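First the structure, in the form of structure tokens, and then the observations on it.
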Amino acid sequence: YTDDPKKSRKAECIPAIGARTLMAMDQDDLIIERPCLDILQNSEVIGSLQIINGLEEGNITKALNGEHVGTIIYKE
């Protein structure tokens, strides 16, 4: 999200974003820990990851089937 959706009604979902770009946004709170973004950025085997709402019925199955149901964070 562009901001914390629990605090801002103007927060918009970001469908895909680069790890460096996300870190450069310097948000107070992220859905993923900053060290995980560093690992993604420096990995030789991981190119992207998808953050999904696992509480929404069907999202996990959709994601496992390759569907885009959350935010994809990719290596830049």
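The values are calculated or read from the model by the stated rules, or taken from the named source; none is laboratory data. This one's a predicted model, so the numbers in the text were calculated from it and none came from an experiment. In this analysis, Cβ positions are derived from the backbone assuming ideal geometry, glycine residues included, and neighbour counts consider all displayed protein chains. For accessibility, only protein heavy atoms count, side chains too; no ligands or nucleic acids. Shrake-Rupley method; radii C 1.70, N 1.55, O 1.52, S 1.80 Å.
The residues in the range 29-68 that are open to solvent by 60 Å² or more (accessible area, probe 1.4 Å) and hydroxyl-bearing (Ser, Thr, Tyr) can be counted, and the count is 2.
Just one of (1) surrounded by 10 or more Cβ atoms within 10 Å (Cβ to Cβ); (2) without any contact (Cβ under 8 Å) to a residue 12 or more places away in the chain; (3) of a type in the set (S, T, N, Q) fails for Thr71. It is (2).
Cβ-Cβ distances below 6 Å connect the following pairs, each with a first residue in the range 40-63 that is under 17 Å from Pro15 (Cα atoms), a second residue that is open to solvent by less than 50 Å² (accessible area, probe 1.4 Å) and part of a helix (DSSP H, G or I), and a separation of six or more residues or different chains: Gln50/Ala63; Ile52/Asn59; Ile52/Ala63; Asn53/Asn59.
Taking the range 5-14 as the range and being exposed (fewer than 13 other Cβ atoms within 10 Å of the Cβ) and over 16 Å from Ile72 (Cα atoms) as the test, the residues that pass are Pro5, Lys6, Lys7, Ser8, Arg9, Lys10.
Within the set Ala11, Ala24, the sole residue that is touching a Phe, Trp or Tyr at 6+ places or on another chain (Cβ under 6 Å) and either without any contact (Cβ under 8 Å) to a residue 12 or more places away in the chain or at positive phi (or both) turns out to be Ala11. Residues of the range 45-76 that are of a type in the set (Gly, Ala, Ser) and in a loop (DSSP other than H, G, I, E, B): Gly47, Gly54, Gly58, Gly66, Gly70.
Of all residues in the range 15-44, those satisfying the criterion of being over 12 Å from Tyr74 (Cα atoms) and in a loop (DSSP other than H, G, I, E, B) are Met25, Asp26, Gln27, Asp28, Asp29, Leu30, Ile31, Ile32, Glu33, Glu44.
Of all residues in the range 3-41, those satisfying the criterion of being polar (S, T, N, Q) and modelled with pLDDT of 90 or more are Thr21, Gln41.
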